[in-house]
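The values are calculated or read from the model by the stated rules, or taken from the named source; none is laboratory data. Everything quoted here is computed from the prediction, not taken from an experiment. Positions of Cβ are backbone-derived with ideal geometry, glycine not excepted, and every protein chain shown enters the neighbour counts.
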């Protein structure tokens with residue numbers, strides 16, 4: 001699953017280089033909003049996972065908590081791609097829905113844009 005998420009991001013990055021300039025700028029801005037949403041989603045996940053593991057919140061000693069600290073680090077490493085994918089679905093999904101309502105995307109294009117970050121064919125440069 002994590003490999004599939006990484007593949008979506010890598011394909012999206014590779015395809016964005018083939019877009020017309022204005023669409024490339026648009027997808028870059030959407031990408032930065034996605035990063036902001038994902039980071040904001042990770043903050044509560046980090047906080048509540050520390051609480052669940054019983055780790056001190058105010059910098060106290062963590063003697064005897066090495067396993068809990070390791071579990072927390074592994075949880076954050078595993079949760080990060082999912083947070084970024086969820087952020088992409090939120091941001092690209094909202095944009096795709098707006099474009100669908102405006103009549104610029106078909107429903108299939110909006111779903112492809114939301115779930116796979118697949119751009120419409122008309123966004124690509126005509127002479128690559």
Practice task
Determine whether residue 75 is touching a helix residue (DSSP H, G or I) at 6+ places or on another chain (Cβ under 6 Å), touching a residue at least 12 places away in the same chain (Cβ under 8 Å) and closer than 30 Å to residue 122 by Cβ.
Solution key: no
Problem - Filtered residues of the stretch 72-110 (kept if within 22 Å of residue 2 (Cβ to Cβ), surrounded by fewer than 16 Cβ atoms within 10 Å (Cβ to Cβ) and more than 15 Å from the chain's Cα centre (by Cα)) - result: 73, 74
Exercise for the section: Please state which one of 65, 46, 57, 69 is loosely packed, with under 12 Cβ neighbours inside 10 Å and either over 13 Å from the mean Cα position of the chain (by Cα) or over 25 Å from residue 119 (Cβ atoms) (or both). Expected result: 57
Exercise for the section: Looking for whichever is assigned to a helix (DSSP H, G or I), under 21 Å from residue 123 (Cβ atoms), free of Cβ contacts under 8 Å to residues at least 40 places away in the same chain and in contact with a helix residue (DSSP H, G or I) (Cβ under 9 Å, 6 or more places away or on another chain) here; the options are 13, 23. Which one fits? Expected result: 13
Fill in the blank from the handout: So, first residue at negative phi in the stretch 106-124, second residue assigned to a strand (DSSP E or B), Cβ within less than 9 Å, six or more apart or across chains; the pairs are 119/19; 123/19; 124/19
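Residue-wise test of (1) at pLDDT below 80; (2) more than 19 Å from residue 116 (Cβ to Cβ); (3) buried (at least 17 other Cβ atoms within 10 Å of the Cβ); (4) over 14 Å from the mean Cα position of the chain (by Cα).
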| site | (1), (2), (3), (4) |
| --- | --- |
| 8 | yes, no, yes, no |
| 19 | no, no, yes, yes |
| 22 | no, yes, no, yes |
| 25 | no, yes, no, yes |
| 31 | no, no, yes, no |
| 36 | no, yes, no, no |
| 39 | no, yes, no, no |
